[in-house]
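Visitor: I'd like to ask you about the structure that follows.
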């Protein structure tokens with residue numbers, strides 16, 4: 001699927017730029033993007049290393065285990081059976097950090113969580129559910145946008161909190177339901193096959 | 001909010017020391033793992049960022065905006081936010097810049113400024129998250145994840161278009 005998406009994004013974009021006559025621009029932009037992409041990854045690596053280090057201290061201090069035990073029931077119901085205790089711990093930490101708006105800190109934990117859940121090249125239901133929750137945004141306080149609005153001179157910068165909460169709740173619930181439905185549909189299909 | 005982060009970091013160190021964790025050793029072990037992870041996700045992230053750049057240069061977003069704008073206007077939704085909505089799953093920095101532009105052009109308390117901020121705050125950079133996690137887990141077949149993810153983005157956007165007046 002990722003292969004197909006990459007292929008389509010590239011073919012579609014390149015076709016369009018050739019037909020609209022900015023083919024020369026495209027080649028230059030792609031090379032520039034390649035440089036910038038490397039820069040992005042490089043910058044991200046520093047944050048990853050830092051927060052992985054912090055996470056390791058938390059793990060060695062036993063905080064992760066305690067926290068995951070708290071969240072075990074609701075999270076277990078969401079992700080289903082078959083996720084190791086370690087995977088559950090990282091998933092719990094990742095979702096908590098995301099809710100608090102610490103995306104940078106959440107990423108290394110999320111990565112460890114999916115690595116614990118992964119079984120081969122094909123995605124499984126637990127991973128799907130975990131990623132769709134991550135993608136749908138579970139942040140409780142949109143700090144970046146609030147401070148941006150404050151900088152721009154909004155009358156009440158934090159007034160977006162409620163609508164943001166509603167919109168992200170709608171998208172998260174949509175994600176959970178659609179994932180469950182797809183899993184059920186696929187399960188039925190697989191069951192029908194002899 | 002950033003000072004909350006600093007306090008939490010302090011708490012981690014203090015708690016670690018209290019629990020007799022070899023703090024520097026643990027930190028270094030984690031950092032080492034973080035470095036491995038960064039190398040592991042580099043190719044998939046690189047690939048995704050290139051594709052996003054191609055998409056942006058191609059002008060396909062502008063075509064989509066021209067196509068959909070009249071429809072949105074008829075529904076009473078400020079169509080100026082459409083480029084931002086379409087950019088949000090592709091690039092975090094670009095969509096943030098667009099939200100800033102909307103606020104600067106129309107004012108932070110205008111419908112455009114408010115809806116732009118809500119759209120940015122209520123969704124993640126879908127393809128970025130996907131590239132990072134799929135790359136790290138070595139997953140190539142993503143099954144029904146991408147359709148589900150796109151659906152969450154659409155539904156979140158629709159909800160934002162309905163409830164933004166709450167922040168007016």
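The values are calculated or read from the model by the stated rules, or taken from the named source; none is laboratory data. Computed from a predicted structure; not experimentally measured. All Cβ positions, even for glycine, are placed from backbone atoms using ideal geometry, and neighbour counts span all protein chains on display.
Visitor: Might you check whether a residue that is at the interface with chain A (Cβ under 7 Å from one of its Cβ atoms), over 16 Å from the mean Cα position of the chain (by Cα), surrounded by 24 or more Cβ atoms within 10 Å (Cβ to Cβ) and in contact (Cβ under 8 Å) with a residue 24 or more places away in the chain occurs anywhere in segment B:143-161?
Guide: no
Visitor: Follow-up question, since we're still on this one. Any chance segment B:49-68 includes a residue that's more than 29 Å from residue A:29 (Cβ to Cβ) and without any contact (Cβ under 8 Å) to a residue 12 or more places away in the chain? Explain how you work it out, then say what you get.
Guide: Applying the first criterion (more than 29 Å from residue A:29 (Cβ to Cβ)) to segment B:49-68 yields none.
Scanning segment B:49-68 turns up no residue that is more than 29 Å from residue A:29 (Cβ to Cβ) and without any contact (Cβ under 8 Å) to a residue 12 or more places away in the chain.
Visitor: How many residues, within segment A:158-183, are farther than 14 Å from residue B:158 by Cβ, over 20 Å from the mean Cα position of the chain (by Cα) and crowded, with 21+ Cβ neighbours inside 10 Å?
Guide: Counting residues in segment A:158-183 that are farther than 14 Å from residue B:158 by Cβ, over 20 Å from the mean Cα position of the chain (by Cα) and crowded, with 21+ Cβ neighbours inside 10 Å gives 1.
Visitor: Given the criterion on the phi > 0 side of the Ramachandran plot and either without any contact (Cβ under 8 Å) to a residue 24 or more places away in the chain or buried (at least 24 other Cβ atoms within 10 Å of the Cβ) (or both), identify the matching residue among A:153, A:82, A:110. Write out each step before concluding.
Guide: Values: A:82 fails: either without any contact (Cβ under 8 Å) to a residue 24 or more places away in the chain or buried (at least 24 other Cβ atoms within 10 Å of the Cβ) (or both); A:110 fails: on the phi > 0 side of the Ramachandran plot.
The conditions single out A:153.
Visitor: Next question. Can residue A:44 be described as at pLDDT below 85 and either in a helix (DSSP H, G or I) or touching a helix residue (DSSP H, G or I) at 6+ places or on another chain (Cβ under 7 Å) (or both)? If you could, list the steps in order and put the result at the bottom.
Guide: Numbers: at pLDDT below 85: yes; either in a helix (DSSP H, G or I) or touching a helix residue (DSSP H, G or I) at 6+ places or on another chain (Cβ under 7 Å) (or both): yes.
Yes; evaluated as a whole, the condition is true for this residue.
Visitor: Which condition from (1) surrounded by 13 or more Cβ atoms within 10 Å (Cβ to Cβ); (2) more than 10 Å from chain B (Cβ to nearest Cβ) is the one that residue A:16 breaks?
Guide: (2)
Visitor: Within segment B:101-111, can one find any residue that is on the phi > 0 side of the Ramachandran plot, outside any helix (DSSP H, G or I) and surrounded by fewer than 19 Cβ atoms within 10 Å (Cβ to Cβ)?
Guide: Within segment B:101-111, one or more residues are on the phi > 0 side of the Ramachandran plot, outside any helix (DSSP H, G or I) and surrounded by fewer than 19 Cβ atoms within 10 Å (Cβ to Cβ).
Visitor: For residue A:147, all conditions in the list (1) over 22 Å from residue B:16 (Cα atoms); (2) out of contact with any helix residue (DSSP H, G or I) (no Cβ under 6 Å at 6 or more places or on another chain); (3) more than 8 Å from every other protein chain (Cβ to nearest Cβ); (4) in a helix (DSSP H, G or I) hold save one; what is the number of the exception?
Guide: Among (1) over 22 Å from residue B:16 (Cα atoms); (2) out of contact with any helix residue (DSSP H, G or I) (no Cβ under 6 Å at 6 or more places or on another chain); (3) more than 8 Å from every other protein chain (Cβ to nearest Cβ); (4) in a helix (DSSP H, G or I), residue A:147 violates only (3).
Visitor: Is it the case that some residue within segment A:83-102 is at pLDDT below 85, in contact with a helix residue (DSSP H, G or I) (Cβ under 9 Å, 6 or more places away or on another chain) and either more than 10 Å from every other protein chain (Cβ to nearest Cβ) or under 21 Å from residue B:90 (Cβ atoms) (or both)? Steps first, please.
Guide: Keep residues of segment A:83-102 that are at pLDDT below 85, which gives A:100-102.
Next, from what is left, pick out any that are in contact with a helix residue (DSSP H, G or I) (Cβ under 9 Å, 6 or more places away or on another chain): A:100-102.
Still in the running and either more than 10 Å from every other protein chain (Cβ to nearest Cβ) or under 21 Å from residue B:90 (Cβ atoms) (or both): none.
No - not one qualifying residue is present in segment A:83-102.
Visitor: Looking at this structure, is residue B:79 free of Cβ contacts under 8 Å to residues at least 60 places away in the same chain, at the interface with chain A (Cβ under 7 Å from one of its Cβ atoms) and touching a helix residue (DSSP H, G or I) at 6+ places or on another chain (Cβ under 6 Å)?
Guide: no
Visitor: Now a separate question. Considering every residue within segment B:121-140, establish whether at least one is in contact with a strand residue (DSSP E or B) (Cβ under 9 Å, 6 or more places away or on another chain), farther than 21 Å from residue A:177 by Cα and facing chain A (nearest Cβ under 7 Å). Explain how you work it out, then say what you get.
Guide: Taking segment B:121-140 and keeping what is in contact with a strand residue (DSSP E or B) (Cβ under 9 Å, 6 or more places away or on another chain), we get B:139-140.
From the residues that got through so far, the ones that are farther than 21 Å from residue A:177 by Cα too are B:139-140.
Those still in the list that are facing chain A (nearest Cβ under 7 Å) too: B:139-140.
Scanning segment B:121-140, I find at least one residue that is in contact with a strand residue (DSSP E or B) (Cβ under 9 Å, 6 or more places away or on another chain), farther than 21 Å from residue A:177 by Cα and facing chain A (nearest Cβ under 7 Å), so the answer is yes.
Visitor: Which one is surrounded by the fewest Cβ atoms within 10 Å (Cβ to Cβ), of the residues in segment B:1-31 that are outside any helix (DSSP H, G or I) and within 7 Å of another protein chain (Cβ to nearest Cβ)? So that I can check it myself, show each step before the final result.
Guide: Filtering segment B:1-31 down to residues outside any helix (DSSP H, G or I) leaves B:1, B:19-22.
Next cut, within 7 Å of another protein chain (Cβ to nearest Cβ) only: B:1, B:19, B:21.
Working: B:1: 12, B:19: 14, B:21: 22.
Among them, the one singled out is B:1.
Visitor: Go through A:44, A:88, A:93 for me and flag whichever is surrounded by 14 or more Cβ atoms within 10 Å (Cβ to Cβ) and either closer than 18 Å to residue B:11 by Cβ or assigned by TED's automatic domain parsing to the domain that holds residue A:178 (or both). Before the answer, list the steps.
Guide: Values: A:44 fails: either closer than 18 Å to residue B:11 by Cβ or assigned by TED's automatic domain parsing to the domain that holds residue A:178 (or both); A:88 fails: either closer than 18 Å to residue B:11 by Cβ or assigned by TED's automatic domain parsing to the domain that holds residue A:178 (or both).
Checking each option against the conditions leaves just A:93.
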